[in-house]
Every structure is written in structure tokens, then in C-alpha cells.
1. How many nm separate the modelled label positions at B:ILE231 and A:LYS47, each set 7 Å beyond the Cα in the direction of the Cβ?
2. Using Cα-Cα distances under 8 Å and only pairs 6 or more residues apart, what relative contact order does the range A:503-585 have, in percent?
3. Using just the helices of chain A, give the 222 nm mean residue ellipticity in deg cm²/dmol: DSSP H runs with n ≥ 4 each add -39,500 (n - 2.57), and the total is spread over all residues, rounded to 500.
4. For A:LEU158, which sequence-distant residues (separation of 5 or more, or a different chain) have an amide H within less than 5 Å of its own amide H, given hydrogens modelled in the peptide plane?
5. Would you please give the residues with an amide H less than 5 Å from that of A:PHE143, counting only those at least 5 places away or on a separate chain, with H modeled from the backbone geometry?
6. Per residue of the range A:329-346, what does 6.51 cos²θ - 1.76 cosθ + 1.60 with θ = phi - 60° give for ³J(HN,Hα)? Whole Hz please, x for Gly and Pro, Karplus curve as stated.
7. Taking loop as defined by DSSP and a crowding limit of 13 other beta carbons within 10 Å, which GluC sites (Glu not before Pro) in the range A:91-185 fit?
8. FRET efficiency for A:LYS309 and A:ARG209, Cβ-Cβ distance as r, R0 = 41 Å, nearest 0.05?
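Nothing in this text is a laboratory measurement; each read-out follows from the coordinates by a stated rule. No experiment lies behind these values; they were computed from the predicted model shown. With ideal geometry, Cβ positions are generated from the backbone for all residues, glycine too; neighbour counts draw on all protein chains shown.
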Amino acid sequence: MLKKMAFSFPDEVLEHVFSFIQSDKDRNAVSMVCKSWYEIERWCRRKVFVGNCYAVSPRMVIRRFPEFRSIELKGKPHFADFNLVPDGWGGYVFPWIAEMAGAYPWLEEIRLKRMVVTDESLELIAKSFKNFKVLVLSSCEGFSTDGLAAIAASCKNLKELDLRDCEVDDLSAHWLSHFPETYTSLVSLNISCLGSDEASFSALERLVRRCTNLKTLRLNRAVPLDKIANILRHAPQLVEFGTGTYTADVRPDVYSDLAGVFSSCKELKSLSGFWDVIPDYLPAIYPVCSKLTSLNLSYATIQSPDLIKLVSHCPNLQRLLVLDYIEDSGLEVLASSCKDLQELRVFPSDPFGAEPNVSLTEQGLVAVSLGCPKLQSVLYFCRRMSNEALVTIARSRPNFTRFRLCIIEPKTADYLTLEPLDVGFGAIVQYCKDLRRLSLSGLLTDRVFEYIGTYAKKLEMLSVAFAGDSDLGLHHVLSGCESLRKLEIRDCPFGDKALLANAAKLETMRSLWMSSCAVSFAACKLLGQKMPRLNVEVIDERGPPDSRPENCPVDKLYIYRSIAGPRFDMPPFVWTMDEDSGLRLS
Amino acid sequence: MELQLGLSLPSTPIFPFKMLDLNSYGYELREGLGPFGINVNNNCGSCSSSCNSSSSGGADDGGGGTKTRRLLDEENRIVPKTLPLLFWTNQRPNDEDEPKDVDDHSSSAIFKNDGEGLVGWPPVKAWRKKVRRRVANVRAAVENSCGGRASSSTYVKVKMEGNAIARKIDISLHHSFESLTTTLMRMFDISDENGQKSFKLTYLDREGDWLLAEDVPWRTFIRSLKYIKLIRSRC
């Protein structure tokens with residue numbers, strides 16, 4: 001009865017109030033108010049986000065949130081995208097699926113990123129969750145089209161199937177035919193990552209035709225241009241569309257067909273795909289360009305003039321992904337045409353070439369920063385940079401929240417002054433007070449880290465490569481960046497001192513990745529022994545780290561906080577530093 | 001060897017960073033850092049002498065012939081010398097053939113520049129698939145001297161034409177086509193009729209091609225095997 005005295009609202013009212021609170025951070029804050037609120041909140045939390053699948057065990061999650069409907073899990077560290085994490089490292093989703101399948105059958109949504117998903121996992125999902133609605137697999141691997149067939153066949157209420165950037169074993173394109181003829185609830189389908197071999201066009205067409213609620217459709221490369229018209233004709237309500245291969249012999253009937261079908265798509269806001277695009281067919285999309293807010297041309301190998309023409313037709317563009325074929329001249333046009341631009345990503349067309357193949361320099365980025373007042377997120381690959389340009393960019397665009405610059409050749413200095421780019425990046429962190437994500441490149445000394453530690457107070461994720469001179473650099477970051485959650489470092493001369501001096505900081509972060517640095521095995525052992533709530537993983541394909549002198553640097557180091565303790569699914573080349581012997585083998 | 005751990009109190013760092021004048025960087029930039037970055041040698045035999053120097057910090061000039069030096073700037077403050085990086089590797093990823101999917105416009109292999117290159121640099125995602133396949137092939141070739149599989153799992157999925165249920169078989173238990181076919185025949189209840197094989201053994205290899213198992217030697221089969229499918233042999 002004492003409990004009731006403290007509150008004027010019954011639990012149901014509080015629950016109703018909490019139902020308006022969706023963000024995880026807010027939910028977590030709510031749960032910390034008092035025991036009673038903790039209890040109420042945990043019973044009504046419907047969405048769970050686990051940023052590191054090894055930070056907590058499935059059983060712990062299920063015990064605390066007995067009635068969640070949606071789960072998001074992330075597995076491998078970000079650098080796995082660039083082949084820095086050896087195959088077999090981990091990130092298996094099966095144990096999670098198995099636990100959830102046993103706990104309750106009413107799970108509706110699963111979102112996974114960088115995890116290993118097997119056909120068994122997919123089959124278990126299909127079998128266990130009767131009301132399953134959303135499956136989003138982002139950069140996942142380990143499954144084949146057989147697993148997809150199981151999902152298609154069993155999930156009668158499936159609304160979303162999104163396989164962005166996954167590696168799928170393409171055994172057969174006929175998995176699409178496993179969607180029963182009675183199935184009509186599809187709203188979003190992204191199969192752009194599937195192979196180029198065969199595609200079951202008729203099954204695809206029939207599926208599109210009967211799913212009248214379809215809003216997002218991203219096709220794969222196997223779908224040829226002449227088939228696109230047939231598919232689009234049945235789905236004029238599409239909001240997001242990804243073409244397949246955008247090339248064919250130039251034929252007027254194919255062209256007019258295509259143009260006609262695009263003009264009937266009045267809701268289209270986002271386009272992608274465009275593999276092997278030939279410029280002659282691009283004008284077919286002009287009818288929809290004025291409404292486009294998102295355009296992904298990162299596979300479109302067309303030159304600057306054609307890109308300029310296209311971009312000039314899209315005044316409402318908010319998000320553009322493009323190859324560096326756009327060149328500085330194209331970016332200048334972008335800056336003057338697309339005043340609503342918020343996100344820009346420019347990818348290298350020839351990342352491994354020694355000489356620049358296009359005229360894309362820092363000038364393009366400066367132009368866009370000056371011209372687009374809403375620009376807040378940038379990923380830019382180029383071959384030269386100057387402090388002057390970076391300062392201009394920082395001053396003109398203080399609203400950057402994500403700034404990722406990759407100067408292709410490591411340790412490239414300011415091309416005008418031959419100095420390090422410390423001052424330039426320093427300006428970025430100083431002026432952009434809301435910066436949450438930063439990737440550095442070029443010639444950088446410890447000084448840039450001093451700037452970062454001093455100014456980047458809202459920075460959550462930092463990526464560093466080939467930078468710094470000494471432990472001082474790492475120390476600046478770890479001691480200064482209050483909001484830091486993820487730090488990934490490769491090929492920097494950071495060793496034991498900064499790491500050990502800031503060991504407590506590591507418990508406030510999600511994870512730290514260091515590869516090809518100078519952290520010794522002894523330091524790793526010490527960290528593992530002294531910090532029981534950290535998993536300190538040494539990844540070394542050369543063999544056991546204790547077969548070398550203790551002060552030898554380890555190859556790769558991955559440290560993350562965890563309340564689940566060390567994991568037991570590690571491959572032979574991963575060791576967890578533990579309290580006992582300092583060495584634990586899987 | 002002692003490593004101090006500044007765990008408990010942030011006011012007692014390992015060495016007093018605050019005392020350092022961060023505006024005067026008295027130490028020179030790292031030497032010897034080429035475009036290939038820093039990596040650790042494959043055999044650490046040569047690294048023991050250099051390892052000693054990296055462990056002792058700037059604050060302790062230690063005994064035992066450490067190689068760390070201290071730089072003193074004009075006001076005689078201690079400025080830690082950059083830790084010497086003495087590990088070099090010319091990482092030589094194998095010069096592989098041109099990638100198989102030629103239709104990818106960006107056909108330049110990751111191992112351009114005379115076969116030397118940095119893993120994962122520049123950080124572009126699309127390369128991942130090609131490289132993984134090639135690396136997997138290389139690893140398989142290197143580790144497969146005795147016909148074992150490179151990957152840790154030895155179970156392979158087997159499907160029979162006309163049978164919806166897929167089975168799994170532990171391929172490491174077999175060392176010849178004879179033993180494999182015998183097991184498969186038992187598993188799927190197939191029998192030879194009049195000495196003629198009623199089913200053919202086909203498999204999906206790493207490259208995504210379906211091949212007839214009898215056309216290749218056992219080693220090749222094992223190395224590149226991903227899935228097995230039994231199809232009816234039509235005579």
C-alpha cells in the first residue's frame with residue numbers, strides 16, 4: 001500500500017504516458033527514476049536496441065523486457081566493412097533467435113547490422129514468429145536464397161524485407177516464388193545486393209502486381225532495363241525505387257515506354273540502382289526529378305556533363321550519393337541548384353589508381369559547403385586538401401553533424417603549404433559544435449587530437465588512420481571527448497600509456513578498435529585483468545600472443561564493455577584477456 | 001616490467017601531461033614511415049630487441065639498454081619521444097588474377113600497385129566481396145595441403161533433386177568420392193540399378209558455378225565445395 005501512496009497515477013496511466021516515449025535514451029532515463037517506474041517501463045518497452053550483440057546476453061534482454069516486439073542488433077565492428085576483421089570473428093545471430101523463439105512467439109521486427117545470419121536462423125524466424133513483419137539485414141552474411149525462401153513461404157504478414165549490402169549465397173532466384181499467391185502485404189523490398197545471374201521476372205512482376213501497398217522496391221542488377229517498365233507499370237504508387245541494370249541497346253520504343261512509366265509515378269521521391277547506366281536513357285527519369293529528395297548514383301559511371309544535367313533537374317534534392325565523376329564543376333552546379341541538400345557522399349571511381357583520374361579536389365567540397373545552407377552530413381573521397389579549404393568549410397557550415405573526409409593517399413599534407421592538416425580539422429571541430437561523427441585523413445600530428453579533445457564535446461564516433469605521433473594523441477581524445485562512444489584506429493603509433501591511463505573511459509564507451517598500432521600484449525592482459533566489465537579481445541592471425549614476448553604489439557585489439565562477460569564463440573585467432581590467467585581461449 | 005595503471009584517480013595520471021607545453025612539439029615527425037603504414041612482422045624473432053624499448057615509457061629510462069631516448073626542449077621539460085616503430089612489413093597480398101565479375105565497372109584489383117597494397121584502404125565498402133572471395137581461395141589453397149577444408153565448419157548441405165528436405169553431411173569424414181557417394185546413397189535411400197548410377201553428384205563451388213563432381217579431383221572438390229546436389233542421371 002505504501003507503493004500506491006507515492007503515486008497519484010495507476011500503472012496503466014503511466015504505461016500510457018510512457019508509450020509516447022520512443023527514444024531509447026529517454027526510455028532508459030525513465031527507467032532510472034525509481035523502482036516502480038523501472039518495473040512499469042520494462043513491461044511496456046516494445047523496441048529494444050542492442051548496439052553490440054556481445055555487450056549483453058539474449059537471456060538478459062528477455063528477462064528485463066519480457067514483451068518487446070522489435071529488436072535491433074549490431075555485431076561486427078565497423079572496420080569489418082573494410083576487411084580488417086577476419087572471417088569467423090563472430091557476430092552470430094542464431095543464439096538470439098533461438099532464445100527469442102523460445103521466449104515468446106509475438107516478435108514482429110528484427111533489424112541486424114554486420115551479423116552472421118545463417119539459413120537455420122532464417123528458417124527459425126519463419127517458423128517461430130507468427131506475426132513477423134519486418135526483417136532488415138544490413139551488411140550481413142552467411143545465408144543463402146534458401147533461407148529467404150523460408151521467410152517468403154511462412155511469413156504471411158511480412159511487410160518489410162530489406163537486404164541492404166548483404167552477401168547472399170545465390171543458389172536460386174526462384175525463392176521469390178515462395179511468396180504464396182495469397183500474400184499481399186509487402187510494403188518494402190530491397191534485394192539490390194542479390195547476384196547478377198538470373199532473376200525470376202515473372203514471379204517478381206506478379207508479386208509487385210498483387211502487393212498494392214508496396215512503397216519501396218529496390219531491384220538487383222539482374223533486372224534489365226526493358227523489364228523495369230513492366231514492373232513499374234504495376235506500381236505507380238512507389239515512393240522509393242531502385243533500378244536494376246540501366247543499360248540496353250538504345251531503342252526508341254524501350255525509351256518511350258520507360259519515360260511513360262516514370263511519368264505515371266507521381267509519388268516517387270527516391271531513386272537508386274543505375275548499374276551500367278548509359279546517358280541516353282537518363283532523360284527518362286526527368287519527369288520525376290523535380291520531386292526527388294534522394295538520389296543514389298554511386299554505381300553510375302557517367303561523366304560530369306551528364307551528371308550535371310541530371311542534377312540540375314532535381315531542385316529538391318536532400319540526399320545525393322555519387323561517384324567522383326561529378327568533379328568540381330558538377331559540385332558547383334549542385335551547390336547552386338540544390339539548396340535543400342543535407343547529405344552528400346562522393347565515392348572514388350578509381351580508389352587504387354596512383355594518379356587522379358578525375359578533376360575532383362577540395363574545391364568541390366568547398367563549393368557545396370558554401371552553397372548549401374542545410375548541408376550537415378558529408379562523406380568525401382579526394383586526393384588533395386588544404387587547411388585553408390577546411391577552415392572555409394568549417395566557418396561556412398557550422399551545422400555539420402557528420403564529417404568524413406578520406407584523402408586517398410595516407411599522410412597527404414596540405415598541398416599548398418605542405419603542413420599537416422591539424423589546423424584544418426581543428427577548425428572543423430571548433431566551429432561545428434554539434435559534430436557527432438568525424439573521420440580523419442591526411443598528414444596529422446598529435447596536435448589535431450588536442451583540438452579534438454578540446455572542442456569535440458558532442459563527438460560520438462571517431463575514425464582515425466595513419467595519424468598522430470605518440471600516445472599523447474590518443475590521450476587527448478580519450479580524456480577530452482566527453483560523448484565518445486566509438487573509437488576506431490588503424491596504423492597509428494598509439495601504445496600502452498594512453499590506453500592504460502584512460503582505462504576507466506573505456507567503460508563509458510561502446511567499443512574501441514585498434515589495429516596495427518603499438519599496444520603490447522602485456523597491456524592487453526593488464527586491462528583484461530583490471531577491468532572485469534570490459535571484454536578485451538586480441539585478434540591475431542599470426543598465432544597465440546603468448547608465443548611472443550609480452551611487450552610485442554598485438555595485431556588487432558577490440559575492447560568493448562559488456563555485462564555478459566567473455567564470449568565463448570570465438571575462432572582460434574581471437575583471445576579474450578581475462579581475470580584468471582590473462583588468457584582465455586574459446 | 002611495470003605498467004602503471006591510472007585507474008583509480010584521474011588526478012594521478014601516469015605521467016603529467018599538463019606539464020607539457022603542448023604548443024611546442026619538440027620532437028620530430030616519425031621517421032621511416034612509408035606509404036604502407038605500420039604492421040607487425042610475421043615472425044617476431046627480430047622484434048624482441050625493439051620490443052624492449054617500446055615498453056618502457058618516457059618517464060622511466062629503465063635499465064637494460066632501452067632504446068628510448070628523451071628529448072629535452074629548451075626549458076628542460078621532458079617531451080616523450082615518439083615510440084619508435086620498428087616494425088615493417090611489405091605486406092605482399094598475392095598477385096591474383098583479374099576478378100571474375102568483369103561487369104563491375106571498377107575492375108581494378110585491390111592488389112594493384114605492383115601487388116602491394118594496404119588492407120582496407122581506402123575504406124571503400126564495395127571491394128569487400130571480391131577480396132573476401134579471393135582471400136578465401138588463397139587461404140584454402142594454403143591450408144589445404146592434406147585435403148582438409150579451410151573453413152572451420154565441415155558440414156555441407158546436401159539436396160536431392162525431387163526431395164524438398166535438405167540434409168547435412170560432415171565432409172571431413174570422407175576422403176574419396178566412393179565413401180561420399182556410399183554415404184549419400186544410404187542417406188537418401190538410393191540404390192544403383194543394374195550397375196548404373198541413378199544419380200549424379202553435382203556441387204556448387206565458391207565461384208558460384210554448378211559442376212559435376214566426377215569431373216574434378218577430390219582435392220579440388222573439397223577445397224571449393226559449398227553445396228552438394230544430387231540430380232537424376234538421364235541416360
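1. 4.7
2. The value is 39 percent.
3. Mean residue ellipticity, 222 nm, calculated: -9000 deg cm²/dmol.
4. none
5. A:VAL117, A:ASP169
6. 4, x, 5, 5, 5, 4, 4, 8, 8, 10, 6, 9, 4, 10, 9, 9, 10, 10
7. Those that pass, being in a loop and sparsely packed, are A:GLU181.
8. 0.75
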